[in-house]
Structure formats: structure tokens, C-alpha cells
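Engineer: Quick one: this structure, given as C-alpha cells, is what I'll be asking you about.
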Amino acid sequence: MSIAEVLDTPPHRSPVVPPRPDYAPPGMSSLGRIAAMRRSAIGTWGERAYREDIVKGNFLGRNSFTVNAPDAIKHVLIDNYENYSRTHVGIRVLRPILGEEGLLLAHGKAWKHQRRTLAPAFAPRAVGMLVPHMLSATDAMITELAGKCGPPADVREAMQRLALDIAGRTMFSFSLEKHGAALRQFVNDYAHRLAQPHFLDVLLPLNWPSPRDFSRRAFRREWTQFLGVLIAERRALGTSEGAPRDLFDLMVAARDPETGDAFSDAQLADQVATMILAGHETTATALFWSLYLLSLDQSAQDELAAEAQAQGARQPGELDTTRLKFTRAVLDETLRLYPPAFLIARAAIGPDAIAGQRIGKRDVILIAPWLLHRHERLWENPNAFMPQRRELSVRAGEHAAGHAARSRDDAAGSLAGVSPHAAVNQREIGLGEL
């Protein structure tokens, strides 16, 4: 069904339940799982994964554990994170486009150094300067869409361009109109051609290049040159006297509070790539699915529109997002149903115990926000779109799930190099204005 057709859907009185993939059949083989993953990883999860705290499986002779218990997830990602590394497949896929020097792929001391260096620069008061950049990009997109009323529009493509424009303006203080087409080409080419794991990406050790790795290396060379052009153009604008004007100023000025070290040129380039790519994808996905869900739920659409209109006329570059409570509720519920980072995989470096299960060296831990957010023991009516969840008094299990979901989203934003405050502002401003 197209977006245009969905817009004609009559209002619902009961909660809207959007379509979802079918459960995987019981006993799916490793080869069947690989085939399903090439279409969608969501199609590899059976009914048990939506009902149990931990599900043990076997993939190509290695134990895997799909974890849904919030305390167990916290143990892996926070309390005992040094015992868990990214999987070889994850590194193969992310390294060519995010680099080895960025926050997302850093590990151990390097990760701590980068987190210490970036944290002060992304305090909420520093992020406030980015709001005018976000509003200017959103206003430009609204003007463009207003001129296209009538024929069907590709909303996903429009939201991706909006998110990239926000990323460019907040990073460099200039629109990506000149380089936007090339940037989208890089992102889409990598996503469609090189981001999907090949069978040999899974089988071969990390230091043995797979056939697809050679193409990834070629992409990396061209991508690094392109980032160099963007950074050179931003440096040509000079630095801001007084308060910083964008994320680039913040990162160049950032220093490790313990050592006083700044980012190297390689680290700076990889941080730029991480923020632009991870930040824009999260924002684009949240805005697209929010618009889709609102098109199915006329009452929610009307309530959000009324809240936005109640803001009245605003001054250029200013918007009080603290008053957009229902807008935030819609975004929270959208990110619950359609989390941008739907799967997090970690490999155990040494033995451990999680939720009563013994974990061995090299066992794979799968943390799937898609499952956690739709878990039948944690959520009431888990597959329904219910923005009012945020305001309702619900059972303790749902509070735990909501806390875990928000912690995961905030952690993802921090790992991407952008504070949760900045990420939330982008989404609220975009949806409220649209």
C-alpha cells in the first residue's frame, strides 16, 4: 500500500496495529537462517523470541543467545562491557564507512578516551546552538513538500534528504545542497551493495579478507577522499570567535579532560562520518515511520497537529520543544515499534553467566530492540501503535521495558557521537514542524 493510499484510511477507534513480518518457522537451519537474513533479519526470529527472556540457539557451530531481559542486557552492554566485543561480521560491515578511529568501533581505552573527549562538547546547553540549523533545514523541506501537493511523494526519500541536510548544517554550518547528491549516492550504494553480509564474511577470520572486502576497501578510499573535501571546505570557513557555531567547532576544540589530547585528523574524519551517517539514519527512520503511523491513526494525527499549532508563531531559529509532549510520545512509540538499530550483536571474549545461562568464549549475544520492544511479557498489546502509553499508569514490567528501550536509544545516540538531547531535538523539531 502506498503512502497516498494510506492517507485515505478512515480513522480507527481501537489502537492501530501496523503490519509485521511473520514468525520464523521452528527449527530453522543455519542455511535457512542465512537465506532469511539476506531478506530481513527480523524474519529469522520465531515465536519464542517474543515471549522468553533468553533463547539459546546454534549458528554454524557456535552458540548464540538472544537476550530480552533488561537486566541481562545492561550486564552485557554496560556492567561487563569489557568482556564483549563487536562480532567480526559487524566490524567488516561498519569499518569501511565509519572507519576504525570513530567512537562507534573504538574499544577499551580508545573508546574511553573518545567518550571523555566528546562528552563535555555535547552537554544540553552546548547542543542548543544547533536548533537554528535544524529549523532552517526543516523549513526548507516544508517549502519543497508544499509545492508538491497532489501527486504521491516518496516520503522516505524526502525524510532521508531532510535528515542529511540537518546533519550537514549542524556539522558544518552549511547546506549539503552542493554535495548532498554525492553523499546520498555513497550511503545508498554502500547499503545496497556492500552492507549485506556475505556467507564468507561470517565464516572467515577477520584478518582474512572476504571477496566483498576488496570492494569495501575500494569504497573506503573514495569515501575518505569525499570526507576530506567536506572537512577542507569547512576549515576554509575558519573558526568561530567566541561561542562555537556547529558540531565541527565543538569537535575541533574538544580535549580529553585527563590527558589534554585533541582528536587526530583520522579520528576527526571518522567522528564526522559516524555522526553524519548514524545520526541521519536514526532521524530519517524515526520521521518516516512516525508519518506512516500517523497516516493510519487520524485521531493521533489531529492531536499532534493541534499541539504544533498551539505553539503559535515562533521567532526565526527558535522552538520550545519542551511543550511538544504528545509529539515526543508519538516519537517514543514509533521508535519502540521501528527501532533504527534493530539488532546489536556481541561476541564473548571470555566466559560469563547471563540470565542463568553459561556463556562461553566466542559465544554470540544478540540483543534485538525489535524483540525487546514487542516482547509479550513486557508490553501490553505490544504490536499496537499507542502514543498514550507514555501517559498511562501501566504494570511494572512495562515500566522496565520502557526504561530499557530508552536506555538503549540513549546509548545508541551517545555511541554515535551525538548526545541523546541532540538526537531527540532533531526528531521533535522535524515531526512538530512537518
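No lab work stands behind these numbers, since they all come straight from the coordinates. Worth saying up front: this structure is predicted, and the values here are computed from it rather than measured. Cβ: placed from backbone, ideal geometry, glycine included. Neighbour counts: every protein chain shown.
Engineer: Which of the lysines could be linked to Lys148 by a straight reach, that is with a Cα gap under 24 Å, when you skip same-chain ones fewer than 8 residues away?
Structural biologist: The reachable lysines, counting only those whose Cα sits under 24 Å from Lys148, are Lys178.
Engineer: Quick one: grab Rg to one decimal and Dmax as a whole number for segment 192-281, Cα atoms only, in Å.
Structural biologist: Here Rg and the maximum Cα pair distance are 17.1, 53 Å.
Engineer: Leu145 to Val17: FRET efficiency via 1/(1 + (r/R0)^6), r the Cβ-Cβ distance, R0 45 Å, to the nearest 0.05?
Structural biologist: 0.95
Engineer: Figure the gain on full extension for Asn188 and Arg39 (residue separation times 0.36 nm, minus the Cα-Cα span) and round it to one decimal in nm.
Structural biologist: Result for the pair: 52.0 nm of gain on full extension.
Engineer: Mind jotting down the distance between the C-alpha centroids of segment 324-395 and segment 270-304, whole Å?
Structural biologist: Here the two parts' Cα centres lie 18 Å apart.
Engineer: Distances over 11 Å make up what percent of all Cα-Cα pairs in segment 252-291?
Structural biologist: Summing the P(r) of segment 252-291 above 11 Å gives 69 percent of all pairs.
Engineer: Here is a further query. Need the list of lysines near Lys74 for cross-linking: C-alpha distance under 24 angstrom, and skip anything on the same chain fewer than eight residues off.
Structural biologist: Within reach: Lys56, Lys109, Lys112, Lys361.
Engineer: Here's another thing I want to ask about it. With r as the distance between the Cβ atoms of Glu177 and Ala306 and R0 = 30 Å, compute the FRET efficiency 1/(1 + (r/R0)^6) and round to 0.05.
Structural biologist: After rounding, the FRET efficiency stands at 0.35.
Engineer: Compute the distance in nm between two label points, each set 7 Å from the Cα along the Cα-to-Cβ direction, one at Lys56 and one at Val252.
Structural biologist: If labels sit at Lys56 and Val252, their model points lie 5.5 nm apart.
Engineer: Out of segment 120-192, which trypsin sites (Lys or Arg not before Pro) are coil in DSSP terms and have no more than 15 other C-beta atoms within 10 Å?
Structural biologist: When the trypsin sites (Lys or Arg not before Pro) of segment 120-192 are filtered for loop state and at most 15 Cβ neighbours within 10 Å, Lys148, Lys178 remain.
Engineer: Right, something else. So between Leu206 and Gln388, what do we pick up on full extension, going 0.36 nm a residue minus the alpha carbon distance?
Structural biologist: Stretched fully, the Leu206-Gln388 segment lengthens by 60.9 nm.
Engineer: Which whole-percent values make up P(r) of segment 16-149 when all C-alpha to C-alpha distances are grouped in 5 Å steps starting at zero?
Structural biologist: 2, 7, 10, 12, 13, 14, 13, 12, 10, 6, 1, 0
Engineer: Okay, moving on. Under a crude label model (7 Å from the Cα following the beta-carbon direction), how far is Ala153 from Trp111 in nanometres?
Structural biologist: 4.0
Engineer: Order 27-39, 66-78 from most to least packed using the mean count of other Cβ atoms within 10 Å.
Structural biologist: Ranked by mean Cβ neighbours within 10 Å, highest first: 66-78, 27-39.
Engineer: Modelled label-to-label distance, Thr322 and Phe199, 7 Å Cα→beta-carbon offset: nm?
Structural biologist: So the two model labels end up 5.8 nm from each other.
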